[in-house]
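Here's the structure, in structure tokens; my notes come after.
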Amino acid sequence: MTFVGTLYPFQEDAKDRMVDRGQMLLAMVMGAGKTPTTLSAIEELLDTKEIDRVFVIVPSSLKYQWMREIKKFTTSRVVVIDGTPKERATLWRTSLNCHYTIINPELLTKDEAYFLKIGYDAMVIDEATIIKSPSAKRSRLIKRLSRKCHYRFALTGQPIENKPEELFSIMQFVDPTVLGKFDVFDRTFIVRDHLVNQSITATSSNSMTVLGNQWCVRQEKILQTNCLKSLVK
């Protein structure tokens, strides 16, 4: 249970905040190293006995990529939940002896009972826009199950794809107290076309700003590039 990679300074800073805070939106752009940063944070929590098991929810296409990254950067045991119901039952039993369990949202809706029976201390969502719709069945399920985990990390390069409401939905997973009630968030941060009752954009105060460094790590490409350049001078 040890992280075997090397982090850049901005990743080290993000990792420290994830460990200290416990709930964090890691909004790094593609290529900034969201996965190794998160694994470093998780491994520190495992090493200090803060957690025993981690539940990783990712799109189906990323499940085995995450397994490869875990094997690359850590010495921890990992299992991917996949296959038929019978095959998955065997894999869930295997997960009892693993530090990481990886699953996609579609299978989680079928295997919720296993999650509740086993119990997890930390939950990670990669491509967190999979819960951008607050009314979607999988969004409601993941948020409900996440309350069983003290440590919750959401990873995405683009927390707002189309509407500010998407950020609100993701933060309901990370920490629902941060943005408060939706009607207040709506009035404060969203400009609406009331003829069709659709959000147009976030206000100039910017809904990302309210999160601050305490709940969100936002790594822009230009900052990442400058950091990397400084290391090779």
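General observations
- Karplus-based coupling profile of segment 135-152, in residue order and whole Hz: 8, 5, 4, 5, 5, 5, 5, 4, 5, 5, 5, 5, 5, 7, 10, 5, 8, 9, with θ = phi - 60° in 6.51 cos²θ - 1.76 cosθ + 1.60 and x standing for Gly or Pro.
- Rounded to whole Hz, the Karplus (6.51, -1.76, 1.60) HN-Hα couplings of segment 172-177, x for glycine and proline: 5, 6, 5, 7, x, 7
- Among L141, L26, sorting on how many other beta-carbon atoms sit within 10 Å of each Cβ, with the fewest leading, yields L141, L26.
- Entries of K72/K148; K63/K132; K34/K63 with Cα pairs more than 18 Å apart: K72/K148; K63/K132
- Burial ordering of I42, I51, I81, fewest other beta-carbon atoms within 10 Å first: I51, I81, I42
- The residue among A128, S139, P105 whose Cα reaches farthest toward the positive pole of the charge dipole of segment 103-142, with charges on the beta-carbon of Lys, Arg, Asp and Glu, is S139.
- Phi-based couplings in Hz for segment 72-88 (Karplus 6.51, -1.76, 1.60; Gly and Pro marked x): 6, 9, 9, 10, 7, 8, 9, 9, 9, 7, 7, x, 6, x, 5, 5, 5
- Packing-based exposure ordering (other Cβ within 10 Å, fewest first) of S40, S133: S133, S40
- When you count the other C-beta atoms within 10 angstrom of each residue and take the mean per peptide, 58-65, 83-90, 119-126 line up highest first as 119-126, 58-65, 83-90.
Quick note: the coordinates plus some simple rules give every number you see, no bench work behind them. Remember, predicted model here, so these are calculated numbers, not experimental data. Note that we place each Cβ from the backbone using ideal geometry, even for glycine, and neighbour counts take in every protein chain shown.
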